[in-house]
Amino acid sequence: MIIRQIAKTILLSTIILLSASYSNKATAQEGKTIFNTYCAACHKMDKDLTGPALMGVEERWGNDREKLVAWVKNSANLIAAGDKHATDIFNKWNKLPMAPFETVLKDAEINAVLDYIKDWKPEVPIVDNNANQTSSDKNSLLLGIITLALALAALILLFVKRSLKKLSNEALDVTPVKAIPVWKNKSYIALAAILLFVVGGYFTTTSAIELGRNKGYEPIQPIFYSHKVHAGVNQINCLYCHGGAEKGKHANIPSVNVCMNCHKSITEYSGEQLYNIDGEKVDGTAEIKKLHEYAGFDINNANAWNPNDAKSIEWVQIHSLPDHVYFNHSQHVVVGKVECQTCHGEINKMDEVKQFTDLSMGWCVNCHRETKVQFKENGFYSIYEKYHNELKNGKLDSTKGITVEKIGGTECQKCHY
Amino acid sequence: MEKKYWQSFGELNNSDAYQKSSKNEFKEELPFDAEKGLLDAKTPRRDFLKYLGFTTAAAAVAASCEVPVKKAIPFANQPEEIVPGVANYYATTYVQEGDVISVVAKVRDGRPIKLEGNELSPITKGGTSARVQASVLDLYDGARLRFPTIDGKETNFDTIDKVISEELASAGNIVILSSTINSPSSLDVIQKFLAKYPGSKHITYDAVSNSGILLANETSFGKKVIPSYRFDKAKTIVSIGADFLATWISPVEYANQYAHGRKINDANPEMSKHIHFESVASLTGSNADVRYLHRPSQTGAIVTALLSAVKGESINGISDAKLKEGIEKTAKALTEKKGEALVVCGSNDVNIQIIINAINEILLANGKTIDWNSINYSRKGIDTEFAQLVDDMNAGTVGALLVIDANPVYTWYDNEKLKTGLDKVKVKISFGSKADETTQKCKYVIPNHHFLESWGDAEAKSGCYSFMQPTIYPLFKTRQWQDSLLKWGGASTDYLAHLKSFWGAKLTGSNSWDKALQDGVHNTASDILGTSVYNATSLAAAIANVQPAKTGIELQFYQKIAIGAGQGAANPWLQEMPDPVTRATWDNYLVVSPAMAKTLLKIDLSKNAQSDKYEVHPDKKVVAIKINGKLIELPALIIPGTHPETVGIAVGYGRDKKLGKTVINDVTDTSIGVNVYPFAQYVNGTVSYDISNIELKLTDKTYPVALTQTHNLYNTPHGNRTEILKELTLGEYKENTKVILEEREKELAAYGGLDNFREEGSIYKPFDKPGIKWGMSIDLNACNGCGACLIACNAENNVSVVGKPEVLRFHDMHWLRIDRYYSGDADNPNVVFQPMLCQHCDNAPCENVCPVAATNHSSEGLNQMTYNRCIGTRYCANNCPYKVRRFNWADYTGSDSFPNNQDELNNAVHYMNEDLTRMVLNPDVTVRSRGVIEKCSFCVQRLQDGKLKAKKEGRPLKTGQNDEWDLKVACQQSCPTDGIIFGNVNDAESSISKARRDSNRLFYSLEFLHVLPNVNYLAKVRNTDEQA
């Protein structure tokens, strides 16, 4: 009896200790998650929203972390206590109180959020490509100037030469042969033709290769559906809606009844302001209403809804492979354990989806050349005895692993049949 | 001298035309005309420049066009069990006029696209036939009736139900006329309906009936049924005109049993012996160890003689010495294997069948090779009953006729009398799904569902039940006939409810309704064979009443394996399938023997010039056939294995044009072939298809027949083809099972012998196949040439139909063909069928010559074909030693943007390209466009799918270990005899590895070429006395 009680106590205290230590270990990374979950609905870092922008909040509170934490836990207490900064904020924001987080967040978690805010820096737009572009532009400018200068020098020299020749001819009294003008000179014409052919050919070929490729394609959809809100902010698993990715070749666009699983109760959008591709504001709630129209759903009579009344939403297809390509999602997601983002980009940061890659054969093949298969983990590959032995005896570089190409993943009939 | 095999008579004679054509892949000269100047040529230089300019401009316009916006439309409310892109499989049952085959339907996104045999079926064990494989195409037949009609005008079900109920109430005697129905619940529906209308009755009518057997069994055994024949238990099989591997009663079941007795292994070199008597070359006869030819009218004399011989008495009444000797030998072979012998006969004559019963009784077959515990319900029709009905109708005593799945106006011998009789019937209701000949005579038409849209059950053999469930929502406003009968019979339930309640009580516990439906089969039959008490009293009378043999030229009507009694006539896949015996497509013709060809057609096939003229030109001489004063004309084909005094014509042709574009010859705009059913004769209460007193007259007309026999010829240096196929007799094999192995060793001695051939036959090093290496083994002893694999391949791989004009131009597209080889006696040769498909050579000659590497080799041993890379040089086809590569000469699939590419194609191709028909296409296989080569891919889509399944489960691939399969290729799955084995050769436990390890009969076709095929064959063993 006693032993059992002791054991119980030990177990209990261990759990408490563990959880305590866990909660103490909340990191900045967690801070980000907590921020996204609890704060992001009203606050942004660099912009006022329902609440003030949070960048530099700690400085504004005079670096008084404790007071700030107290404010987060329950701002009303602090205002009641007559804290000046607290009252100022309260008044500044039209006496709109901040929701208390006493019961929701632990101190450590609030601290983690504050750490995150402290460390946060505005995102620098990715300028790598542009930077390269400019530098190469600069380079070509420089080269252009040099070329021009050299050409000028050559021209001057040509004139000098011609004058000298004229002089020498006159001196020697030789009648000059009439020079053929440049535009009638056959070698120049030939040279120009070849040049035109090469340059024109180059541009024709490169643009022809791009035919039918749609990298960056971002069509306007019948509903402004934001992946950022769903997969990013609300952290909904991709497979919740695109379950086919685990089962078959198509990832599948969810049917209306899947949308309605959540949107029967979520009828308003209260998140961050959405903007469309042209920078115009988008009313999230109105977009949810559009969904309800497709579903034939009446907010005022929610229980009467019948999924069979729904109409299909005609989405515009973005990722499209030619008919002669066989691509199977489950092969990549289940067997290859490839992240969705590898091919679709950071979809959790996109509002309307944009085609991330060009989906060209070269792109597929490159990935197959570099990506390792689950060679040791998946029992299917146990039949490749030769490779297993060679990995063991070091004949094959185990750090490189077995790539898709190594098991025939770049052969024609892996995708074309 | 070594044995010689030949495919054509030209080859037998080694004629000039043969030598020329065996060297060329393509029969047509290329349209280059070098003699004329370029400017005078069809496409002069300036035109060329114009086209060049146009195409450049077109390309530029196309390039500047925006990419079209595509929609991705999901379900509004997605059903739980459907994942777009993933196939569902539903067990169901193919039922057609008494034929029952349990199948599993592959349903992709709501469309059934392929039927596989149901491996749980105790009858077929997963086997199918060409007709079963093709039946999925019938679902999408544009000629199906789409709504109920009264007098040809569209109506709705409520109206037609009301009108018919009133009509039936006052009609008087009602007759339900159906083909054989073996569905217990449907028979129950009929009984209920009959009970509601007193004086009504149900008559069963089979297009080609087995009344003879049914009535003979009633006489001999007191049971009017067909027992189960067990070809697997028989050591000696004798068939007298029964084409049991193709069309007789239950061919898929028999083919499986037959192969069971024919498959042979080194450990136990024993097999059954099959002796065949026939008049017109048939598939079964072609597979026989020994074939004897006789006149159709001699059948009675032969069975009587055989009876005497098995009794040990002397034979009378057979004048032909060869035949007499044959009967004696047959009797000896039979009596040696008493209790393990089986005699079957295709005759519909009751007396003959009574004698057959007597022979089987003497041979102790009942209970040993004939199972009376298991009754075959495939054929129940009695000809006299139908003849009586025709009389009744003419007498005006039939008030209403309900026709279910029967078409007597087309198939009944006396169709004029039938038509006048029908005119006297007040209420005629047809449940025909198409406007066939009988349906057209009916006022009320309520089209039936296709079986893939229906609920149902079937009892093909007693205790072996097979279930049917819908695999697609009905495409048209059709209704199952059972629903109609229930409604008119006053029942309140529909057929589904009836079916469920019918089975509810019978299926309990673990054998629940759901389980039965999921399995598709439910088996309560025992494995114990039953006997039956034999009664010999009527034997003497039967012998006395047997028709005596006649003189003069005789005619026999027969069924083709693909067309059957006419059911396959409107199916383009079946029409384009080369008949295994004649190798002809798309046509009806007169089959004559080489001997008769000399006198009738003036063609002596042993003469070079004449055989070439006959074979090279598709135009065949037309013969006028005078039967009972009526004249028909058909082109004549010369088929060895046919009796010199007998000619044959297939039934099932001359269909009404309303059956669809497939039955119409679009050159003449008439139906293809001639309907010969009206020439059948009614003798002693049964319909006979053996006709005497005919006159044949050669006309000066010709008619082109699309024969594939001389297509894709290839030859070997020695000219006798023993490097292509190998055959030996049972005697040789028993003496030394390693005969074939030694022969190969000898052939390859110059290249390092068998062991070192792979390495030493080439200066290049062989490539690694580290994981999987695919391989196929085809047992020539199991293959009977039935063609199920060919149609399965068509369905699985979207192989296009090209139509007769294209077949005539050697443009047939089949990825898998069945080559027919003759050897021995040119008038009655031995036949070998060899399925020929891409051999996926490891050292493939086609790969080396492709200028764009469109065909190359995979690390799994596949010879890959990449359509989008192919530019159509056809070098590969030219360099293929097996002639298995196919070129898309035109846009057969309608996949090009230019309609002109289809201009020259005939109606059948356009029919296949209708939106409705295209629903049958397999979405996982590219539909090929004009200008590319295609060929067998080893069903690579199935291989990838099977591998994916194993990968997802994280385990090695299973191809036959403990009979577990992750994948089967289409031809393998469809084969009724399990003659094709496919799998991973690198896995020592796989079926293919075992098959290759265990048999010394293994050989590779054209092995000495060092192309290293991945398809091997097992040599055919013939159970004959003579040395091969």
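Below are the figures for this structure:
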read-out: Within the range B:969-990, considering residues that are among the charged types (D, E, K, R) and either over 17 Å from B:Gly127 (Cβ atoms) or without any contact (Cβ under 8 Å) to a residue 40 or more places away in the chain (or both), the one farthest from the other protein chains (Cβ to nearest Cβ); value: B:Glu989
read-out: Any chance B:Ala143 is surrounded by fewer than 22 Cβ atoms within 10 Å (Cβ to Cβ), in contact with a Leu (Cβ under 8 Å, 6 or more places away or on another chain), away from chain A (no Cβ under 14 Å) and over 30 Å from A:Ser330 (Cα atoms); value: yes
read-out: Selected residue (only one of B:Val832, B:Val849, B:Val802 is touching a His at 6+ places or on another chain (Cβ under 7 Å), more than 14 Å from chain A (Cβ to nearest Cβ) and not charged (D, E, K, R)); value: B:Val802
read-out: Yes/no for B:Cys936 being away from chain A (no Cβ under 14 Å) and modelled with pLDDT of 90 or more; value: no
read-out: Among (1) assigned to a strand (DSSP E or B); (2) more than 29 Å from B:Arg820 (Cα to Cα) - the single one B:Pro678 does not satisfy; value: (1)
read-out: Of the criteria (1) over 21 Å from the mean Cα position of the chain (by Cα); (2) surrounded by fewer than 24 Cβ atoms within 10 Å (Cβ to Cβ), which one B:Gly212 fails; value: (2)
read-out: Single residue of B:Ile664, B:Ile672, B:Ile638 found to be aliphatic (A, V, I, L, M), crowded, with 23+ Cβ neighbours inside 10 Å and touching a residue at least 40 places away in the same chain (Cβ under 8 Å); value: B:Ile638
read-out: Residues satisfying the stated conditions in the range A:314-351, i.e. within 14 Å of chain B (Cβ to nearest Cβ) and of a type in the set (D, E, K, R); value: A:Glu314, A:Asp323, A:Lys337
read-out: Some residue of the range A:353-364 being surrounded by 15 or more Cβ atoms within 10 Å (Cβ to Cβ), within 23 Å of B:Asn863 (Cβ to Cβ) and away from chain B (no Cβ under 13 Å); value: yes
read-out: Test set (1) more than 21 Å from B:Ser135 (Cβ to Cβ); (2) facing chain A (nearest Cβ under 10 Å) - B:Trp965 fails condition number; value: (2)
read-out: Pair list, Cβ under 6 Å, 6 or more apart: the range A:81-100 residue touching a residue at least 24 places away in the same chain (Cβ under 8 Å), other residue assigned to a helix (DSSP H, G or I); value: A:Met98/A:Ser75
read-out: The range A:381-402 - residue that is over 33 Å from the mean Cα position of the chain (by Cα) and of a type in the set (A, V, I, L, M, F, W, C) and, of those, nearest to the other protein chains (Cβ to nearest Cβ); value: A:Ile383
read-out: Top-ranked residue in the range B:88-112 [being small (Gly, Ala, Ser) and over 12 Å from B:Thr471 (Cα atoms); ranked as nearest to the other protein chains (Cβ to nearest Cβ)]; value: B:Ser102
read-out: Residues being over 35 Å from the mean Cα position of the chain (by Cα) and either modelled with pLDDT of 90 or more or within 18 Å of B:Leu342 (Cβ to Cβ) (or both) - total across the range B:297-318; value: 3
read-out: Sole residue being within 27 Å of B:Leu137 (Cβ to Cβ) and part of a helix (DSSP H, G or I), chosen from B:Val390, B:Val409; value: B:Val409
read-out: Count of the range A:223-242 residues which are of a type in the set (Phe, Trp, Tyr) and in contact (Cβ under 8 Å) with a residue 24 or more places away in the chain; value: 2
read-out: Number of positions in the range B:138-176 that are on the phi > 0 side of the Ramachandran plot and touching a Gly at 6+ places or on another chain (Cβ under 8 Å); value: 1
read-out: Matching entry among B:Asp494, B:Asp457 (being under 33 Å from the mean Cα position of the chain (by Cα), of a type outside the set (Phe, Trp, Tyr) and not assigned by TED's automatic domain parsing to the domain that holds B:Tyr254); value: B:Asp457
read-out: Set B:Thr893, B:Thr873: member being in contact (Cβ under 8 Å) with a residue 12 or more places away in the chain, more than 21 Å from B:Phe982 (Cβ to Cβ) and within 14 Å of another protein chain (Cβ to nearest Cβ); value: B:Thr893
read-out: Residue ranges of strands (runs of 3 or more DSSP E) in the range B:419-480 with at least 1 members under 30 Å from B:Asp391 (Cβ atoms); value: B:427-430
read-out: Search result, residues across the range B:855-870 that are in a loop (DSSP other than H, G, I, E, B) and facing another protein chain (nearest Cβ under 8 Å); value: B:Ser858, B:Ser859, B:Glu860, B:Leu862, B:Thr866, B:Tyr867, B:Asn868, B:Arg869
read-out: Tally of residues being within 23 Å of the chain's Cα centre (by Cα) and of a type in the set (Lys, Arg) across the range B:545-560; value: 1
read-out: Qualifying positions in the range B:497-528 - without any contact (Cβ under 8 Å) to a residue 12 or more places away in the chain and assigned by TED's automatic domain parsing to the domain that holds B:Lys192; value: B:Ala497, B:Ser501, B:Gly504, B:Ala505, B:Lys506, B:Thr508, B:Gly509, B:Ser510, B:Asn511, B:Ser512, B:Asp514, B:Lys515
read-out: A:Asn303 away from every other protein chain (no Cβ under 11 Å), at pLDDT below 90 and either over 19 Å from the mean Cα position of the chain (by Cα) or under 25 Å from A:Val404 (Cα atoms) (or both); value: yes
read-out: Residues being in contact (Cβ under 8 Å) with a residue 60 or more places away in the chain and within 13 Å of B:Gly127 (Cβ to Cβ) - total across the range B:232-259; value: 9
read-out: Out of A:Lys264, A:Lys289, sole residue that is within 14 Å of chain B (Cβ to nearest Cβ), surrounded by 12 or more Cβ atoms within 10 Å (Cβ to Cβ) and farther than 30 Å from A:Phe327 by Cβ; value: A:Lys264
read-out: Residues of the range B:602-657 that turn out to be more than 29 Å from the chain's Cα centre (by Cα) and among the charged types (D, E, K, R), as a count; value: 7
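Matching residues to (1) more than 14 Å from chain B (Cβ to nearest Cβ); (2) under 28 Å from A:Phe35 (Cβ atoms); (3) in contact with a helix residue (DSSP H, G or I) (Cβ under 6 Å, 6 or more places away or on another chain):
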position	(1), (2), (3)
A:Gly212	no, no, no
A:Val229	yes, yes, no
A:Glu246	no, no, yes
A:Asn252	no, no, yes
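The values are calculated or read from the model by the stated rules, or taken from the named source; none is laboratory data. Predicted model, so just to flag it, every value in this text is computed and none were measured. For neighbour counting, all protein chains shown are included, and Cβ atoms are generated from backbone atoms with ideal geometry for every residue, glycine included.
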